[in-house]
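To start, the structure itself, in structure tokens.
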Amino acid sequence: MIKNQKFANQTMKLLSAGMTVVLFIFFLSCGSGDDPDPVTDDFNITGVSIPSEINAVAGGNISITGKGFRMDDKISLKLSGNANKTYLVDVTAVTEQSVTIKLPQELETGRYELSVTRAGKTLVLGTSTLNISVNVDIPDREGMTVKGVVYSSGKGVPDVVVSDGYLVTKTDRDGVYYLASEKKSGFVFISVPGNYEVNNTLNAPQFFQRIGGSTVEQKNFSLTSVNNEKYVLMAMTDLHLANRNDDLSQFEDFLTDVNALINSYKASGTKVYGIMLGDLTWDLYWYERSFALPEYIPWMNKVNCSVFNIMGNHDNDPYRTGDLAGEQAYKTVIGPSYYSFNLGKVHYVVLDDIEWINTGGAQGVVGDRNFTDAVSANQIEWLKKDLAMIADKSTPIVVALHVPLYGRPNVNNSVTVNLVRGQELIGCFTGFSNVNLLSGHTHINYTVPASASLMEHNIAAVCATWWWTGRSGYADNHICRDGSPGGYGVYEFDNTAIKWYYKGTGHDKNYQFRTYDLNTVHITAAKYAPNANATYAAKLPGFAGVYANANSGNEVLINVWGYEPQWKIEVRENSVPLSVTRMSGLDPLHIISYEAKRLNVNADPTSSFVTNTTTNLFKVTASSPNSTLEIKVTDRFGNVYSENMIRPKEFTYSMK
């Protein structure tokens, strides 16, 4: 930290302009006063402190002010995480007050450890992010209101897509771009190219900058070269953080789970990224519990990877009416509500498919929080321009949005389009051969093989049933409305190949289905809502449906939450294959974990939270109530999940 912040700001400006500057460096670790303290008696270099970030020019000079440097000193710049990238530079000038060094031409942007070597001894001075810029004075062009350069390690990067959310262009061979922007979105952003990354603010990639006003603005973007053609994407959705229902303590359990998986991938040398698919917060409680988007940020930063964000319906301001007003808080705290980027050879498109209405909302008044599931006409036009920049139509496309494009499929896999302008959205991908949509919102799992080239993955919620079933005093099993465990999607990318699975929080990755012996599933108020009064006890059969009655038909129910038509479900009884029938129905464990628990405290279950019909259920009929069934589930990638189901099997809150 530099003590004179005004001077530090001026220094950064001079460095970014490619000028030789003098950095006054003070040592932080020793002393508490304003006077510099010696770093070490051996070196007799006084008062060293390194700024957290330095804008510099490759091949340019920087001077470090301080007493005790010598001409025979060597200054070392060691790139963090890469021992092969250590640059040893000579001192070019020394005065009584400063030392000057010339940065290597090949120096790249990154976090560096700076040290000085003298007579075989080395002294670490500190660490800093060296942001290596290009020394480009970009001239104005008539009609162009935003300009800039995209660069990496001191060189302009050509063909980078740049947009303001309306116009789309590419950088020229020198990495320079111009936009005749009306600045309506308030942002200019780059579609980060594959095999590059941008700097993060904690976990948030800084692929955008804010723009506004009538003057011509220059916005430059720095890229760091990486190899990210092999990576894993953690697709997380519907956190609904609000500081209620023990949600923050339960979220810590999720963090333990997801970070363990992230760290295991990283340990194998695989890069990991995250994407939050919306409903990061819970608008109803923004003001009541003082937990809104700013409070979400520290929790997001506990995930051990870079995280891209998407806006959900619950991330709109409940005091504001209309889409532009409602999304302003998100744009202020998080960033653009739609954009694109690339990881390796995969192109990502992030869309905002909420048109906020919020009837009755006003300052101090939470409105109805109503909205339309829709992709705006402007986004459709922007998307066409963005996709037009991709020449190779075999490029995998991943579209991330909150509300799913398609509704839940029936047992025959028939689906309907869910979004206003949904057909226009589908039309944007004509000619592309590999399109995957990632969505949330429903708190259930389903996949839609819409065509040979387009598939949607609707991912169940991190919060499961809005944190209810895992709440203290409830079922302690954290499951979603369709019986899926609360969790997240894991997508493994290798070049253009993609594999995926659903990971339940607190469960092994091989936990992909649950079985029920329906002979033991009998949902009654006496057993599952014993504290309910007569009025609420009488409501349970309406929620329990077929499970309100005893079943002695030797039927077994299998919930395969990650099911796709390419999956295979096989059941054998005494080595004899049984006929497996796909069906539409309710998961009985969720009924006793949510509806029965709410009725048990004489409260009505919230209609949006009750058990949801799923078509990921399969039924077989055994010949005996006591036989053991061999159940084998094979996913589309050939992974096999199995259970020897010993019957009778007890129906409990903790069953697997």
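The figures follow:
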item: Verdict on Asp373 being closer than 17 Å to Ile310 by Cα, touching a Gly at 6+ places or on another chain (Cβ under 9 Å) and open to solvent by 20 Å² or more (accessible area, probe 1.4 Å); result: yes
item: Single residue of the range 618-639 satisfying the filter (open to solvent by 70 Å² or more (accessible area, probe 1.4 Å) and in contact with a strand residue (DSSP E or B) (Cβ under 7 Å, 6 or more places away or on another chain)) that is nearest to Leu586 (Cα to Cα); result: Thr621
item: Residue within the range 260-274 that is closer than 18 Å to Ala242 by Cβ and not aromatic (Phe, Trp, Tyr) present; result: no
item: Residue in the range 584-601 that is over 18 Å from Thr465 (Cα atoms) and in contact with a Phe, Trp or Tyr (Cβ under 7 Å, 6 or more places away or on another chain) present; result: no
item: Matching residues in the range 590-617 - criterion: being open to solvent by 20 Å² or more (accessible area, probe 1.4 Å) and touching a Pro at 6+ places or on another chain (Cβ under 6 Å); result: Arg598
item: Extreme residue, most open to solvent (accessible area, probe 1.4 Å), among residues of the range 166-179 that are closer than 15 Å to Gly143 by Cα and not hydroxyl-bearing (Ser, Thr, Tyr); result: Leu167
item: Residue satisfying all of: in the range 180-226; of a type in the set (A, V, I, L, M) and in contact with a strand residue (DSSP E or B) (Cβ under 6 Å, 6 or more places away or on another chain); surrounded by the fewest Cβ atoms within 10 Å (Cβ to Cβ) among these; result: Val226
item: Strands (runs of 3 or more DSSP E) wholly inside the range 303-367 that include at least 1 residues being in contact (Cβ under 8 Å) with a residue 24 or more places away in the chain and within 19 Å of Val420 (Cα to Cα); result: 346-350, 354-356
item: Gln512 being open to solvent by 30 Å² or more (accessible area, probe 1.4 Å), of a type outside the set (Ser, Thr, Tyr) and either closer than 29 Å to Val448 by Cβ or assigned to a helix (DSSP H, G or I) (or both); result: no
item: Single condition Pro139 does not satisfy, out of (1) out of contact with any Pro (no Cβ under 7 Å at 6 or more places or on another chain); (2) part of a strand (DSSP E or B); (3) modelled with pLDDT of 90 or more; result: (2)
item: Selection count where residues are more than 12 Å from Ile75 (Cβ to Cβ), of a type in the set (Val, Ile, Thr) and open to solvent by 20 Å² or more (accessible area, probe 1.4 Å), scope the range 104-133; result: 2
item: Yes/no for Asn436 being in a loop (DSSP other than H, G, I, E, B) and either open to solvent by 10 Å² or more (accessible area, probe 1.4 Å) or modelled with pLDDT of 95 or more (or both); result: no
item: Selection from the range 568-589 of residues that are more than 21 Å from Asn612 (Cα to Cα) and open to solvent by less than 30 Å² (accessible area, probe 1.4 Å); result: Ile569, Val571, Glu573
item: Conditions (1) open to solvent by 10 Å² or more (accessible area, probe 1.4 Å); (2) part of a strand (DSSP E or B); number of the one not met by Asn477; result: (2)
item: Search result, residues across the range 253-290 that are touching a Ser or Thr at 6+ places or on another chain (Cβ under 8 Å), more than 19 Å from Phe493 (Cα to Cα) and open to solvent by less than 10 Å² (accessible area, probe 1.4 Å); result: Phe254, Gly278, Asp279
item: Residue check, Ser642 open to solvent by 60 Å² or more (accessible area, probe 1.4 Å), free of Cβ contacts under 8 Å to residues at least 12 places away in the same chain and hydroxyl-bearing (Ser, Thr, Tyr); result: no
item: Within the range 142-161, considering residues that are β-branched (Val, Ile, Thr) and assigned to a loop (DSSP other than H, G, I, E, B), the one surrounded by the most Cβ atoms within 10 Å (Cβ to Cβ); result: Val160
item: Within the range 557-656, strands (runs of 3 or more DSSP E) holding 3 or more residues that are in contact with a Gly (Cβ under 9 Å, 6 or more places away or on another chain); result: 614-621
item: Asn131 being assigned to a strand (DSSP E or B) and not charged (D, E, K, R); result: yes
item: Pairs where the first residue, in the range 75-103, is open to solvent by 80 Å² or more (accessible area, probe 1.4 Å) and modelled with pLDDT of 80 or more and the second is in a loop (DSSP other than H, G, I, E, B) and of a type outside the set (Val, Ile, Thr), C-beta under 8 Å, 6+ apart; result: Lys78/Lys85; Glu96/Lys67; Gln97/Gly66; Gln97/Lys67; Lys102/Gly59; Lys102/Gly60
item: Tally, over the range 317-332, of residues that are surrounded by 21 or more Cβ atoms within 10 Å (Cβ to Cβ) and of a type in the set (A, V, I, L, M); result: 1
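Here's the yes/no breakdown for (1) farther than 24 Å from Val226 by Cα; (2) touching a strand residue (DSSP E or B) at 6+ places or on another chain (Cβ under 7 Å):
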residue	(1), (2)
Lys85	no, yes
Ala93	yes, yes
Lys102	yes, yes
Arg118	yes, no
Thr127	no, yes
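The values are calculated or read from the model by the stated rules, or taken from the named source; none is laboratory data. The structure displayed is predicted, hence computed values, not measured ones. Note that each Cβ is placed from the backbone with ideal geometry, even for glycine, and that neighbours are counted across all protein chains shown. SASA here: full protein model, heavy atoms, side chains in, ligands and nucleic acids out. Shrake-Rupley method; radii C 1.70, N 1.55, O 1.52, S 1.80 Å.
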